[in-house]
Amino acid sequence: MNILIVEDNKFEMNNIVRTIEAISGKFQVYKAYTGKECFQILDKVDIDVFVLDIQLPDMSGLQIAERIRKISKYELTYMIFITTHIQFQLDAFKRLHCYDFLEKPYKKEELTEIITRLWKGISTQRKQIEESRESVIFSMRDLTLKIYMDEILFIESHGRHCIVHTKVRDHFIKNTTISKILESLPPKDFMQTHKSYIVSLSNIHKVEKQEKNSWTVYFRGTASIAYVSNRHKEKFSEKIVERGK
């Protein structure tokens, strides 16, 4: 669980960090002393819980929360406010959908109870999501490989073998073919675009089109590319239009 603390007082920051890290070593805690530092961290890391002080040197915790809520993936992310200014409590709850509010001075047990409760809730949600994710199983002589479909970027044929390119790593699948793999994938999400390629339609970043040559397909988070051959261009274009890309 990734937790971002925004607090300009170093003594208070250290107390919050120690309290949270004492709950579990599984937490990744990020520290920001200003609003600017907060958004620099958000450019690089996905956050599960925000712990925000109200008074900061460059902008208030309420202003930070308002900007965070405008980021679509953080519309409902848990926020905890810590402050001496209790008059902001109603605004935090009603307008910014704050999860909880601690008034300074507070007991560390109060923060411990809140973080523990959130950790249990987030862990349960993630387990449910994990159990509902679709996957494809590749059985080879020496191992059985399970790959989640939403992680697959594209599949590439190499003679009698295939490479499954995913968001995490590439998997070399022995003694199989593109057509055999295609049979195990949902047609609404995957399409063969070339004799040597199957692409995940949901993970396409952009398509570079050329009139006479094969089109080049780019994916988020990787330099690896796939191709769309001339015979597949029309059907591929229809699929892209259907998905609103």
Task: Conditions (1) touching a Cys at 6+ places or on another chain (Cβ under 6 Å); (2) more than 17 Å from Asn2 (Cβ to Cβ); (3) modelled with pLDDT of 95 or more: number failed by Phe81 - done: (3)
Open item on the list: Looking for something surrounded by 10 or more Cβ atoms within 10 Å (Cβ to Cβ), within 28 Å of Ile204 (Cβ to Cβ) and among the polar types (S, T, N, Q) - is there at least one such residue anywhere in segment 110-120?
Closed with: no
TODO: Scan segment 117-126 and give yes if some residue there is hydrophobic (A, V, I, L, M, F, W, C) and in contact with a Leu (Cβ under 9 Å, 6 or more places away or on another chain), otherwise no.
DONE: no
Open item on the list: Exactly one of these conditions fails for Pro57: (1) touching a residue at least 40 places away in the same chain (Cβ under 8 Å); (2) within 20 Å of Tyr99 (Cβ to Cβ). Give me its number.
Closed with: (2)
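Here are some residues: Thr112, Thr116, Thr83, Thr124. Which one is under 30 Å from Ala22 (Cβ atoms) and touching a Gly at 6+ places or on another chain (Cβ under 9 Å)?
Thr83
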Task: Wholly enclosed strands (runs of 3 or more DSSP E) of segment 114-167 bearing at least 1 residues out of contact with any Ser or Thr (no Cβ under 7 Å at 6 or more places or on another chain) and small (Gly, Ala, Ser) - done: 135-139
Open item on the list: Quick check on segment 206-227. Is at least one of its residues in contact with a Lys or Arg (Cβ under 6 Å, 6 or more places away or on another chain), free of Cβ contacts under 8 Å to residues at least 60 places away in the same chain and within 17 Å of Arg243 (Cα to Cα)?
Closed with: yes
TODO: Name every residue in segment 51-81 that is touching a Phe, Trp or Tyr at 6+ places or on another chain (Cβ under 7 Å) and hydrophobic (A, V, I, L, M, F, W, C), in order of residue number.
DONE: Leu52, Ile54, Leu62, Ile68, Met79, Ile80, Phe81
Open item on the list: Out of the residues in segment 168-208 meeting the condition of being in contact with a Phe, Trp or Tyr (Cβ under 8 Å, 6 or more places away or on another chain) and part of a loop (DSSP other than H, G, I, E, B), tell me which one is modelled with the lowest pLDDT.
Closed with: Thr176
- [ ] Kindly list the number of the only condition in (1) surrounded by 11 or more Cβ atoms within 10 Å (Cβ to Cβ); (2) more than 30 Å from Asn175 (Cα to Cα); (3) among the hydrophobic types (A, V, I, L, M, F, W, C) that fails for Ile129.
- [x] (1)
TODO: Within segment 227-243, identify whether any single residue is out of contact with any Leu (no Cβ under 7 Å at 6 or more places or on another chain) and assigned to a strand (DSSP E or B), and answer yes or no.
DONE: yes
Task: Ser60 vs. criteria of a type in the set (Ser, Thr, Tyr) and more than 25 Å from the chain's Cα centre (by Cα) - done: yes
Open item on the list: Every residue in segment 38-51 that is more than 15 Å from the chain's Cα centre (by Cα) and touching a residue at least 24 places away in the same chain (Cβ under 8 Å), please.
Closed with: Cys38, Phe39, Phe50, Val51
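The values are calculated or read from the model by the stated rules, or taken from the named source; none is laboratory data. Treat the numbers as computed from the prediction; the structure is a model and nothing was measured. A quick note on method: Cβ atoms are made from the backbone with ideal geometry, for glycine too, and the neighbour counts reach across all protein chains shown.
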